1. Name the pairs whose Cβ atoms lie under 7 Å apart, with the first residue in segment 15-37 and touching a residue at least 12 places away in the same chain (Cβ under 8 Å), the second of a type in the set (S, T, N, Q), and 6 or more positions between them or separate chains?
2. Filter segment 64-77 down to the residues that are over 14 Å from Pro49 (Cα atoms) and modelled with pLDDT of 60 or more and list them by number.
3. Among the residues in segment 1-16, are any modelled with pLDDT under 80, basic (Lys, Arg), part of a loop (DSSP other than H, G, I, E, B) and loosely packed, with under 10 Cβ neighbours inside 10 Å?
4. Could you run through segment 32-74 and say how many residues are surrounded by 14 or more Cβ atoms within 10 Å (Cβ to Cβ), among the hydrophobic types (A, V, I, L, M, F, W, C) and either under 9 Å from the mean Cα position of the chain (by Cα) or outside any helix (DSSP H, G or I) (or both)?
Amino acid sequence: MTLRLIHHAQAQPLFSEQRLLTALDVAERLGVSERWVRDHATRRHPRIPVVKLGPLLRFRQEDIDNFLMSHLSSTASKILRDGV
């Protein structure tokens, strides 16, 4: 019996090769405190997706980008979408 591996062109890897961000990196990017980032990564809303490595919190850049896009005001979203 021969095993064949099927490659799906549309499949996205769960983790890219990009460096994971720290809470401080995310805080600087969002212009908020590191505590705000930690609160929203662990228990608050809106929730920031997080990768937990034991007690460490790390963040994927694409998750932060998606978080930002999902929280844009309707006017900002329209400008980005329509290029106005």
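The values are calculated or read from the model by the stated rules, or taken from the named source; none is laboratory data. These numbers come from a predicted model, not from an experiment. Note: ideal-geometry Cβ built from the backbone for every residue, glycine included; neighbour counts use all protein chains shown.
1. Close Cβ pairs (under 7 Å, with a partner that is of a type in the set (S, T, N, Q)) amount to Gln18/Gln61; Leu21/Gln61.
2. So the first thing to find is which residues in segment 64-77 are over 14 Å from Pro49 (Cα atoms), and the list is 72-77.
Matches in segment 64-77: Leu72, Ser73.
3. Narrowing segment 1-16 to residues modelled with pLDDT under 80: 1-16.
Checking which are basic (Lys, Arg) leaves us with 4.
If we keep only those that are part of a loop (DSSP other than H, G, I, E, B) too, we end up with 4.
Within this subset, residues satisfying the condition of being loosely packed, with under 10 Cβ neighbours inside 10 Å are 4.
Among the residues of segment 1-16, at least one is modelled with pLDDT under 80, basic (Lys, Arg), part of a loop (DSSP other than H, G, I, E, B) and loosely packed, with under 10 Cβ neighbours inside 10 Å, which makes the answer yes.
4. 7
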